[in-house]
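Comments concern the structure below.
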Amino acid sequence: MHRLPKILDLIIIFVVNILLFNYSWYISLIISVALFLGFYAFRIYDLETMKSLNESIIRLFAGFLLGSVILLFFYPFFLENNINRNTFINNLVLSIIFIPFFHKIEYILFEKHAKPKRYLVIGKKEEIGHILKEIQEKALNKLQFIDYINPSPIKLEELVNNGFSKKEETRINKIIRFTYKNYPAKYDAIIITDPKLEERVKDKLEEYKTSGIEIEYLPNIAEKYLKRIPLEVIEKFKEYYSIIFEQEYESPGKRILDVIGSTTALVLFSPFMLITSILIYFEDGKPIIFKQKRVGKNENPFIMHKFRSMKNNNNSNPKFADQEKDRILKVGKLIRPVRIDETLQFLNILKGEMSIVGPRPEQIPFVNEFNKQIPFYYARHKVKPGLTGWAQIMFKYASNQEDTKIKLSYDLYYVKNRTTLFDLRIILQTIEAVFWKRGAK
């Protein structure tokens, strides 16, 4: 369902620009792709947005403006004699009238007619039930986790220490056989949430697999629907994720994107950077630039630069950002929401110390503390820190250790699934996060 609205929007805009507005196929393609990127950046394809007609219209209008800016960027090169004011007016009317209503209809049809998929869970509800509940909500109840096969705590301890007894293994196999023999239509698939328990019923699961019963694993479903990797899931599948997070390959395209993007950004933002420097100087004097040691790739420290947005403070103890709101300068209240204070980090990116996209660089004392207290915290440092990141646009500022764990789950999702295309998606949706005041500020 998720891909269908995107494809339909592209086709509709492309075809209408050819048939009704009489543009050539390649001009129509440029228009449709530019507008699609704007819509995508402002999340009009999220199910939460498609559910609300008002939200769809508001976000679509914002996305249309961004798409128009993308079109204007190419205007001097090969669009000058091909598009005009009517191009924007016609496509705005087309987008506002048709696309939100199509999305609403698609959402209603999905909600009413998509058949729920029912799972038998191999695992303990008290350990993993809250994660499955979150997945079920994200999937609009189209995934339903009906029953759990749970060994008793004593038997689970026996499994860890000595392995299951033959009697216990037979009992679990009987449960699974009984389930499918007596309720053949009750479940559509089995989901493994506990690899240790899976090992004890592996032969029986192979039988079901060959007979056409789908066997799925919690990490795949959690990542697909939550777009993060909860630490509970990592702990359960520790062996799998330990191998994944040791991979340090970085696409050459990422460095190319960093160099081109940071160079372009420094040119575009230079007037705002000059104005910001003057305002900081007149309000609070020197220094204009805030420098601080942060943790980079492989936990190598580097000096991160920002425009100073807070009053000078001799207290060197590290604090979460929301604990220092009383120190924010007047100019800081202007530049922080739109991230102008972070633009100096394009210099860090150009030097190769940071990337445009990655986990945010953290203070050294916090990293030392979290490495001891939070499992797999080290893995976020397997990539370069970023100016923006998946956790930045998906979650708020971390103000305590629990928030840090949730933020880490988004960072680790990025570390595992990073690609140049994913980076481009995050860059686009950072624009939406700034305008919509979402995520970390």
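The values are calculated or read from the model by the stated rules, or taken from the named source; none is laboratory data. None of the values given here were measured: they were computed from a predicted structure. Using ideal geometry, Cβ is built from the backbone for each residue, glycine included, and neighbour counts are taken over all protein chains shown.
Some notes on this structure:
- Pair list, Cβ under 6 Å, 6 or more apart: the stretch 249-264 residue farther than 21 Å from ASN298 by Cα, other residue surrounded by 13 or more Cβ atoms within 10 Å (Cβ to Cβ) and not β-branched (Val, Ile, Thr): SER262/PHE346; SER262/LEU350
- Criterion (part of a helix (DSSP H, G or I), modelled with pLDDT under 95 and touching a strand residue (DSSP E or B) at 6+ places or on another chain (Cβ under 8 Å)) met by exactly one of ASP341, ASP326: ASP341
- Conditions (1) modelled with pLDDT under 85; (2) within 30 Å of GLU137 (Cβ to Cβ): number failed by ARG43: (1)
- The stretch 103-122 residues that are assigned by TED's automatic domain parsing to the domain that holds GLU48, paired with ones that are among the charged types (D, E, K, R) and assigned to a helix (DSSP H, G or I) (beta carbon under 6 Å, 6 or more apart): TYR107/LYS51
- Where helices (runs of 4 or more DSSP H) sit wholly within the stretch 196-264, those with at least 1 residues that are surrounded by 13 or more Cβ atoms within 10 Å (Cβ to Cβ), out of contact with any Lys or Arg (no Cβ under 6 Å at 6 or more places or on another chain) and modelled with pLDDT under 85 occupy 202-210.
Residues checked against (1) at pLDDT below 95; (2) part of a helix (DSSP H, G or I); (3) more than 27 Å from ILE278 (Cα to Cα):
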{"residue": "PHE346", "(1), (2), (3)": "no, yes, no"}
{"residue": "ILE349", "(1), (2), (3)": "no, yes, no"}
{"residue": "ILE356", "(1), (2), (3)": "no, no, no"}
{"residue": "PRO375", "(1), (2), (3)": "yes, no, yes"}
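- The set of residues in the stretch 383-421 that are closer than 20 Å to LYS254 by Cβ, free of Cβ contacts under 8 Å to residues at least 40 places away in the same chain and surrounded by fewer than 21 Cβ atoms within 10 Å (Cβ to Cβ) contains only LEU421.
- Qualifying residue in the stretch 57-73 (condition: at pLDDT below 90, out of contact with any Cys (no Cβ under 8 Å at 6 or more places or on another chain) and farther than 15 Å from PHE39 by Cα): yes
- Restricting attention to the stretch 52-107, the residues being surrounded by 13 or more Cβ atoms within 10 Å (Cβ to Cβ) and not in a helix (DSSP H, G or I) number 3.
- Scanning the stretch 165-195 for residues that are at pLDDT below 55, hydroxyl-bearing (Ser, Thr, Tyr) and in a helix (DSSP H, G or I) gives THR179, TYR180.
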